[in-house]
Amino acid sequence: QRLDLWLPLVIWILAALLWVSQPTPPSYFNPGPYAPNREYYPFSDASFFDLGSQYLLIGEGLNSHFAFERPLYMQALVFLHMAVGQNYTDVANLQAALLAVLVMFVYLIGKELSGRPLGIGLAVLIALRGVNGIFSAAFTDLASPKQLLTDFPTAVGMALLCTRLTGVYQPIHFWVITLAGVAGMLLDSLLGALLQVKYRHAGGGDWQDAPGPDTIPAGGYPWMTNDVVNLLANAAVTLAAFACAT
């Protein structure tokens with residue numbers, strides 16, 4: 001009984017130490033380090049989230065009172081900056097230590113499904129996934145716990161939700177959820193490849209999902225945006241899984 005109390009915390013601490021100990025490499029979302037202070041700076045989506053938090057830190061309101069997506073993560077960045085300052089590496093390390101709670105949640109899910117061995121095995125895999133994400137961010141577009149993005153915080157939220165659902169777990173529900181998840185990814189990919197609107201620069205270049213000042217439509221339906229694709233794929237598999245489970 002005591003083991004069930006302290007083992008999850010030990011797993012969280014060990015995962016946090018493992019992730020924090022990994023060097024923070026430069027990536028698309030945190031290029032650098034740049035002179036004169038030799039620091040990394042957030043870029044693209046990471047820059048948007050961090051800039052929104054900076055407005056609140058100087059008293060101008062979150063994102064300077066402009067409407068935006070994912071305000072909770074911007075607010076979380078405010079607290080991270082208040083705790084460790086403006087150095088990107090320090091903020092990334094603190095975030096990684098906190099997000100390592102994902103490993104603990106995955107352990108609890110595995111333990112509930114099939115005992116401690118499965119929980120520990122899954123926890124090891126997720127911990128190594130975090131290490132791989134940190135290392136691979138330097139040369140591929142792969143989210144990591146040391147990037148100022150919402151991927152890992154979302155995974156933590158989903159894992160927390162799953163820890164509450166495993167109490168009503170039934171074997172058939174496990175397979176339904178697994179197959180629905182795989183089907184959802186396939187449906188999302190098919191809709192994105194065949195129907196989603198795409199744009200490219202008038203002078204050529206790579207395709208992109210969102211329009212820009214010099215882009216023209218290059219395929220798909222104008223109303224089938226990336227958000228619509230995600231909504232349709234999630235709604236379809238959720239309804240199908242609910243019908244199968246009931």
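The values are calculated or read from the model by the stated rules, or taken from the named source; none is laboratory data. None of these values were measured; they are calculated from a predicted model. Counting neighbours? That spans all protein chains shown, and the Cβs are built from the backbone with ideal geometry, glycine included.
Quick look at the values:
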| read-out | value |
| --- | --- |
| Selection count where residues are crowded, with 21+ Cβ neighbours inside 10 Å, in contact with a Phe, Trp or Tyr (Cβ under 8 Å, 6 or more places away or on another chain) and part of a helix (DSSP H, G or I), scope region 100-112 | 3 |
| Among the residues listed as GLY184, GLY119, the single one being on the phi < 0 side of the Ramachandran plot, at pLDDT 80 or above and in contact with a Leu (Cβ under 8 Å, 6 or more places away or on another chain) | GLY119 |
| Checking ALA138 against (1) assigned to a loop (DSSP other than H, G, I, E, B); (2) loosely packed, with under 14 Cβ neighbours inside 10 Å, the condition it does not meet | (2) |
| Sole residue being within 21 Å of the chain's Cα centre (by Cα), at pLDDT 90 or above and surrounded by 14 or more Cβ atoms within 10 Å (Cβ to Cβ), chosen from LEU51, LEU17, LEU7 | LEU51 |
| Residue check for GLN86: part of a helix (DSSP H, G or I) and either farther than 30 Å from LEU122 by Cβ or of a type in the set (Val, Ile, Thr) (or both) | no |
| Selection within region 168-181 - in contact with a helix residue (DSSP H, G or I) (Cβ under 7 Å, 6 or more places away or on another chain) and either modelled with pLDDT of 75 or more or not hydrophobic (A, V, I, L, M, F, W, C) (or both) | TYR169, HIS173, ALA180 |
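Okay, residues lined up against (1) at pLDDT 85 or above; (2) over 22 Å from the mean Cα position of the chain (by Cα); (3) farther than 30 Å from GLN22 by Cα; (4) not aliphatic (A, V, I, L, M):
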| site | (1), (2), (3), (4) |
| --- | --- |
| ALA143 | no, no, no, no |
| CYS162 | no, no, no, yes |
| GLY212 | no, yes, yes, yes |
| ALA240 | no, yes, yes, no |
